[in-house]
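Please read the structure below before turning to the comments.
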Amino acid sequence: MSPAATVHAFVPASRRPPAPGRGDAPGAGSRVLRSLRRAAPALTVYLAVRLCGLLAVARLAHAKGHGIWPTLATSWDSDWYLGIAEHGYTDRLGTAVNENNLAFFPLYPTLVKAVAAVTPGSRASVGLMLAIACSFVAAWGVFAVGDRLRGRRVGTLLTVLWGTLPVAMVQWMGYTESLFTALAAWALYAVLTGRWLWAGSLASLAGLTRPTGVAVAAAVCLAALLAARRDPGVRTTAVAGACLAPLGWLGFVAWVGVRVGRVDGYFAVQRLWKNDWDGGRATLLELRQQLIYMTRPQLFVLAVSAVLILSVVLYLLCAVDRQPLPLLVFTGVLLLVVLGSGGVYFPRARFLLPGFPLLLPVAQALARARRKATVAVVLGTSTLMSAWLGAYMLLVWRGPP
């Protein structure tokens, strides 16, 4: 099946992008450069909105007498990843709550260690620079998916919206969200263009990055198997991609089990972090507590609750809009994992940061807006709110982002 035919399999007929002509067969390098040039305006605006967020953090950090570098590079989960890069993983389960580093997936600390070994600077600096670099690769992938499905304007708006999410400051911190979003976005793009081996490989790497890598694997596996069933011509590569997709996640889970000497070792580690899957009970109880019973709920927790509720609403809009199946599967499984797990409530808006396809209905609505002023007001407001909340999250809120 050709890339164009693969897109036709997943995208409604009225919204399919035009198929490339037969003579359009540039080399890989030319395709990458052409894609990057096409994405350049979106990446430029993304840089601008993220610099606004950085400026807000810098101003508040200066006012409070804090350094901006440690705030971005060595706080909360960043310390865990840096510890893994420095000392490796523990080899025992233990009984202490929130103390076992086997809960953190290995790709990001492995990259930090590898890059730090051949570049000057501390591992913390390398980790931060790596996250920022990955944020641009992620933004490029977000644009590529939006552009492929709905055109350049929607792709650009989708990228800007992703860069102005309430907790978007995490994209420029020593965290895994930027790396994971980059892998997820390009895996989904590979699915939409029929590149099954690329899709499976990127999904496998996503599975080595975050627990929610299972959402990328599910999207790639289902899409690949459906393609293999429809078209015998791609059956071999599609099945290979489907087999590759879950290997990263399954491999790490199996490795943790071997390391701690029990089959359910990874899930036992998660229980020590109180991250059992409970079908959403803990999430609903917390939402009820925050929105009904708390007389003075904390601002950041309210923002997290709003993100969770809006994410469910946006998913329903995506389904009504007949978004391509791989995207619906990815965001659907992502929501199931994030909303259905127990554990700490506060980071859940961050956990949903890679779910950029949820923003497609908003990007399409802005693209259809008749007045440019409407788009400017919406994007300007979201940029300012994201910048302000990012500074608040890092320097006023006392919990994890």
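Listed residues 115, 137, 142; which is surrounded by fewer than 22 Cβ atoms within 10 Å (Cβ to Cβ), within 16 Å of residue 50 (Cβ to Cβ) and of a type in the set (A, V, I, L, M)?
Just a single option satisfies the conditions, and that option is 137.
Taking interchain pairs and intrachain pairs at least six residues apart, which have beta carbon atoms under 6 angstrom, with the first residue in region 316-344 and in contact (Cβ under 8 Å) with a residue 12 or more places away in the chain and closer than 18 Å to residue 270 by Cα and the second β-branched (Val, Ile, Thr) and outside any helix (DSSP H, G or I)?
So the pair list comes out as 334/212; 337/212.
Every residue, every condition in (1) of a type in the set (Gly, Ala, Ser); (2) open to solvent by 20 Å² or more (accessible area, probe 1.4 Å), yes or no:
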| residue | (1), (2) |
| --- | --- |
| 342 | yes, no |
| 355 | yes, no |
| 363 | yes, no |
| 368 | no, yes |
| 376 | yes, yes |
| 393 | no, no |
| 399 | yes, no |
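Given the residues 19, 39, which is the only one that is in contact with a helix residue (DSSP H, G or I) (Cβ under 7 Å, 6 or more places away or on another chain) and either at pLDDT 95 or above or under 16 Å from residue 135 (Cβ atoms) (or both)? Before the answer, list the steps.
Working: 19 fails: either at pLDDT 95 or above or under 16 Å from residue 135 (Cβ atoms) (or both).
One residue alone meets the criteria, 39.
Criterion first (more than 25 Å from residue 394 (Cβ to Cβ) and either modelled with pLDDT under 95 or open to solvent by 90 Å² or more (accessible area, probe 1.4 Å) (or both)) does residue 330 satisfy it? Give the derivation first.
Details: more than 25 Å from residue 394 (Cβ to Cβ): yes; either modelled with pLDDT under 95 or open to solvent by 90 Å² or more (accessible area, probe 1.4 Å) (or both): no.
Spelling it out, it is not the case that residue 330 is more than 25 Å from residue 394 (Cβ to Cβ) and either modelled with pLDDT under 95 or open to solvent by 90 Å² or more (accessible area, probe 1.4 Å) (or both).
Conditions first: (1) part of a helix (DSSP H, G or I); (2) of a type in the set (A, V, I, L, M, F, W, C); (3) open to solvent by 10 Å² or more (accessible area, probe 1.4 Å). Residue 263 passes all but one, so which condition is the exception?
(1)
Which residue, of 90, 181, is open to solvent by 10 Å² or more (accessible area, probe 1.4 Å) and either in contact with a helix residue (DSSP H, G or I) (Cβ under 7 Å, 6 or more places away or on another chain) or part of a loop (DSSP other than H, G, I, E, B) (or both)? Write out each step before concluding.
On the way: 181 fails: open to solvent by 10 Å² or more (accessible area, probe 1.4 Å).
It is 90.
How about region 295-309: which of its residues are surrounded by 15 or more Cβ atoms within 10 Å (Cβ to Cβ) and either of a type in the set (D, E, K, R) or within 19 Å of the chain's Cα centre (by Cα) (or both)?
Of everything in region 295-309, those that are surrounded by 15 or more Cβ atoms within 10 Å (Cβ to Cβ) and either of a type in the set (D, E, K, R) or within 19 Å of the chain's Cα centre (by Cα) (or both) turn out to be 303, 304, 305, 307, 308.
Would you be able to say whether some residue in region 78-86 is under 29 Å from residue 344 (Cα atoms), of a type in the set (Gly, Ala, Ser) and in contact with a Lys or Arg (Cβ under 8 Å, 6 or more places away or on another chain)? Working first, answer last.
Taking region 78-86 as the starting set, the residues that turn out to be under 29 Å from residue 344 (Cα atoms) are 78-86.
Among the residues that remain, those that are also of a type in the set (Gly, Ala, Ser) are: 78, 83, 85.
Of the ones still in play, those that are also in contact with a Lys or Arg (Cβ under 8 Å, 6 or more places away or on another chain) are 85.
Yes, region 78-86 contains at least one residue that is under 29 Å from residue 344 (Cα atoms), of a type in the set (Gly, Ala, Ser) and in contact with a Lys or Arg (Cβ under 8 Å, 6 or more places away or on another chain).
Could you list, in sequence order, the residues of region 338-382 that are closer than 30 Å to residue 99 by Cβ, touching a Gly at 6+ places or on another chain (Cβ under 9 Å) and in a helix (DSSP H, G or I)?
338, 339, 340
What is the number of the single condition among (1) modelled with pLDDT under 95; (2) over 23 Å from the mean Cα position of the chain (by Cα); (3) not in a helix (DSSP H, G or I) that residue 75 does not meet?
(2)
Kindly list the number of the only condition in (1) surrounded by 18 or more Cβ atoms within 10 Å (Cβ to Cβ); (2) modelled with pLDDT of 95 or more; (3) not β-branched (Val, Ile, Thr) that fails for residue 325.
Residue 325 satisfies all of (1) surrounded by 18 or more Cβ atoms within 10 Å (Cβ to Cβ); (2) modelled with pLDDT of 95 or more; (3) not β-branched (Val, Ile, Thr) except (1).
The values are calculated or read from the model by the stated rules, or taken from the named source; none is laboratory data. Computed from a prediction, not measured in an experiment: that's the story for all the values here. All Cβ positions, even for glycine, are placed from backbone atoms using ideal geometry, and neighbour counts span all protein chains on display. All accessible areas refer to the heavy atoms of the entire protein, side chains included, with ligands and DNA or RNA removed. Shrake-Rupley method; radii C 1.70, N 1.55, O 1.52, S 1.80 Å.
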